Amino acid sequence: MPDELVWFLSRSFAFLGHVDPHGLAQRLAPHLRDHRREAANAYVWEVEGAAPTAGIYVAAPDVGDDDKTLYLSQPWFEGAQEEFAALVREVGSRHVHEAVRLDLPAQSPDRVDRLAQALTPDGFDLDVIRPLSFVLSDTPPLGAPLVLEGWRPRGDTTFRELVARAEGWPLSDERWAWLKRNSGPFTPDLWFLASEAPDQAPIGYALCGPLTTGIEATFGLTAAGVIPEHRGSTVMLRRLMLTLLHELAAMSPLGRMEAELSSRDPKLIDILRSVGFHVGEASPVLRSLPE
């Protein structure tokens with residue numbers, strides 16, 4: 001119920017280790033816009049006759065949303081972690097979704113480990129991501145450009161095979177569909193294959209989406225990479241990213257690009273940093289993505 005929100009928030013802050021969780025929850029509650037709506041999105045796990053033992057806040061996708069990710073936050077549990085896992089499974093069964101994401105920006109390493117232990121058996125993967133951003137008006141000189149070719153319906157198989165080859169694992173229909181909508185509505189003109197010349201085979205790819213549109217558009221970088229033959233050097237991947245930035249700057253001179261990259265791919269993070277991307281603080285996240 002709406003009047004139980006303070007209690008729910010206090011349990012979450014206590015799980016974080018805050019010294020005054022109830023006081024913080026009381027100070028935060030007046031700033032919530034719609035207590036009834038917030039309460040409807042706050043789920044707890046309880047057995048009849050006993051106090052709740054786990055909780056999670058849920059932001060579910062609407063029917064018309066391109067992004068079909070179920071976003072979770074404010075996790076907490078007391079006692080057995082299996083009950084928290086059961087709560088997440090139950091929440092997932094109630095909402096249509098393609099992926100689930102639980103960001104853990106303020107959790108201590110031991111609590112991150114406890115949450116990972118609870119959800120890993122259900123297919124969640126613990127990762128550490130870094131947000132990156134770039135202002136397109138600051139795009140550096142291009143140097144040796146690559147040739148970019150946009151997605152076309154007849155070329156979907158070529159795109160899919162090259163991405164799978166570059167990443168080193170097959171792409172299911174579900175994962176491919178999820179990639180197309182991961183950064184906003186699928187926009188064919190923002191999905192690129194890259195080659196050194198128009199008559200040569202592709203050597204890399206860059207998949208983007210429109211987070212916002214207009215002259216100050218924000219483009220989301222979903223994925224980028226090169227085929228295995230070029231992985232030993234950063235040169236080709238750097239050329240790919242510079243070519244992509246110039247292409248997007250031509251579309252939206254006052255726009256920006258944003259990305260979230262896994263710390264498992266430090267080479268790409270270092271390349272983006274070297275061309276002028278701002279790299280944010282690392283943050284753990286638990287994700288369940290289409291296989």
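The values are calculated or read from the model by the stated rules, or taken from the named source; none is laboratory data. Owing to the predicted nature of the structure, the values given are computational and were not obtained by experimental measurement. As a convention, Cβ positions derive from the backbone with ideal geometry for all residues, glycine included, and neighbour counts pool all protein chains shown.
Observations on the model:
- Some residue of the range 141-151 being β-branched (V, I, T) and at pLDDT below 95: no
- Residue in the range 88-100 that is in a loop (DSSP other than H, G, I, E, B), in contact with an Asp or Glu (Cβ under 9 Å, 6 or more places away or on another chain) and touching a residue at least 12 places away in the same chain (Cβ under 8 Å) present: yes
- Positions within the range 123-144 being surrounded by fewer than 15 Cβ atoms within 10 Å (Cβ to Cβ), out of contact with any strand residue (DSSP E or B) (no Cβ under 6 Å at 6 or more places or on another chain) and under 24 Å from V226 (Cα atoms), in sequence order: P140, P141, L142, G143, A144
Per-residue answers, yes or no, for (1) crowded, with 17+ Cβ neighbours inside 10 Å; (2) within 17 Å of I129 (Cβ to Cβ); (3) out of contact with any helix residue (DSSP H, G or I) (no Cβ under 8 Å at 6 or more places or on another chain):
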{"residue": "T213", "(1), (2), (3)": "no, no, yes"}
{"residue": "S252", "(1), (2), (3)": "yes, no, no"}
{"residue": "M257", "(1), (2), (3)": "yes, yes, no"}
{"residue": "S263", "(1), (2), (3)": "no, yes, no"}
{"residue": "P266", "(1), (2), (3)": "no, yes, yes"}
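- Flag for L72 being closer than 24 Å to Q107 by Cα, in contact with a helix residue (DSSP H, G or I) (Cβ under 6 Å, 6 or more places away or on another chain), without any contact (Cβ under 8 Å) to a residue 40 or more places away in the chain and not small (G, A, S): no
- Unmet requirement for L221, which otherwise passes all of (1) at pLDDT below 95; (2) surrounded by 21 or more Cβ atoms within 10 Å (Cβ to Cβ): (1)
- Conditions (1) outside the structural domain of L148 (by TED's automatic domain parsing); (2) aliphatic (A, V, I, L, M); (3) at pLDDT 95 or above: number failed by L289: (3)
- Failed item in (1) under 22 Å from L268 (Cβ atoms); (2) more than 18 Å from the chain's Cα centre (by Cα), with G184 passing the rest: (2)
- Scanning the range 204-212 turns up no residue that is modelled with pLDDT of 95 or more, among the aromatic types (F, W, Y), more than 23 Å from A177 (Cβ to Cβ) and assigned by TED's automatic domain parsing to the domain that holds P141.
- Scanning the range 256-268 for residues that are more than 13 Å from the chain's Cα centre (by Cα) and modelled with pLDDT of 95 or more yields R256, M257.
- Qualifying position, being modelled with pLDDT of 95 or more and assigned by TED's automatic domain parsing to the domain that holds M236, among L102, L179, L115, L193: L193
- In the range 150-172, the residues that are without any contact (Cβ under 8 Å) to a residue 40 or more places away in the chain reach residues that are not in a loop (DSSP other than H, G, I, E, B) with C-beta atoms within less than 6 angstrom, at least six apart or across chains, in these pairs: R160/W176; P170/A164; L171/R160; L171/A164.
- Out of E216, E260, sole residue that is under 21 Å from A177 (Cα atoms) and not in a helix (DSSP H, G or I): E260
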